[in-house]
Amino acid sequence: MFLELEVRSALIVHGFDNDNREIIEEVREPNYTKKLIAVERVQSLSEQYILVTGSHGRLMYWEYRETFASVRQQLATAGLLLASAG
């Protein structure tokens with residue numbers, strides 16, 4: 001299962017330092033790229049970022065062009081979203 005989104009890299013989490021703080025690289029790419037993203041890579045979705053897993057244990061925050069509601073609808077249509085109780 002895949003999500004089709006226009007995304008651009010924003011932040012990459014490379015791991016943790018000796019004090020257990022995240023090592024974060026700010027990328028801030030200027031252009032969006034259309035991608036098919038495997039749903040199993042998605043960790044969370046906010047109104048600004050989609051958090052996905054990458055290689056070597058990295059996490060990546062991508063900004064996406066679509067609205068939160070449209071991405072939520074893609075997930076719901078595919079049967080991948082549990083209805084909220086409220």
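The values are calculated or read from the model by the stated rules, or taken from the named source; none is laboratory data. The structure presented is a predicted model; accordingly, all values stated were derived computationally and were not measured. Cβ placement follows ideal geometry from the backbone for every residue including glycine, while neighbour counts extend to all protein chains displayed. Accessible surface is based on the protein model in full, side chains and every heavy atom, while ligands, DNA and RNA are left aside. Shrake-Rupley method; radii C 1.70, N 1.55, O 1.52, S 1.80 Å.
Annotations
- Some residue of the range 23-34 being within 24 Å of MET1 (Cβ to Cβ), among the acidic types (Asp, Glu) and assigned to a strand (DSSP E or B): no
Conditions (1) within 18 Å of ALA69 (Cα to Cα); (2) open to solvent by 30 Å² or more (accessible area, probe 1.4 Å), marked per residue:
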| residue | (1), (2) |
| --- | --- |
| ALA10 | no, no |
| ILE24 | no, yes |
| VAL27 | no, yes |
| TYR32 | no, yes |
| ILE37 | yes, no |
| VAL42 | yes, yes |
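- Members of the range 66-79 found to be over 14 Å from LEU5 (Cβ atoms) and surrounded by 12 or more Cβ atoms within 10 Å (Cβ to Cβ), listed by number: ALA76
Residues checked against (1) farther than 26 Å from LEU75 by Cα; (2) of a type in the set (A, V, I, L, M):
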site: SER9; (1), (2): no, no
site: GLU25; (1), (2): yes, no
site: ARG41; (1), (2): no, no
site: HIS56; (1), (2): yes, no
site: MET60; (1), (2): no, yes
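- Condition met for GLU63 (modelled with pLDDT of 95 or more, charged (D, E, K, R) and either at negative phi or surrounded by 10 or more Cβ atoms within 10 Å (Cβ to Cβ) (or both)): yes
- If you go through the range 1-22 and keep only what is of a type in the set (Asp, Glu) and assigned to a strand (DSSP E or B), you end up with GLU4, GLU6, GLU22.
- Candidate set: the range 44-53, residues that are without any contact (Cβ under 8 Å) to a residue 24 or more places away in the chain and not polar (S, T, N, Q); chosen: the one most open to solvent (accessible area, probe 1.4 Å): GLU47
- Sub-8 Å Cβ pairs linking a first residue in the range 17-32 that is under 18 Å from TRP62 (Cβ atoms) to a second residue that is of a type in the set (S, T, N, Q), at least 6 apart or interchain, are VAL27/SER9; ARG28/SER9; GLU29/SER9, ordered by first then second residue.
- All of THR53, THR33 fail the test of being within 12 Å of the chain's Cα centre (by Cα) and among the hydroxyl-bearing types (Ser, Thr, Tyr), apart from THR53.
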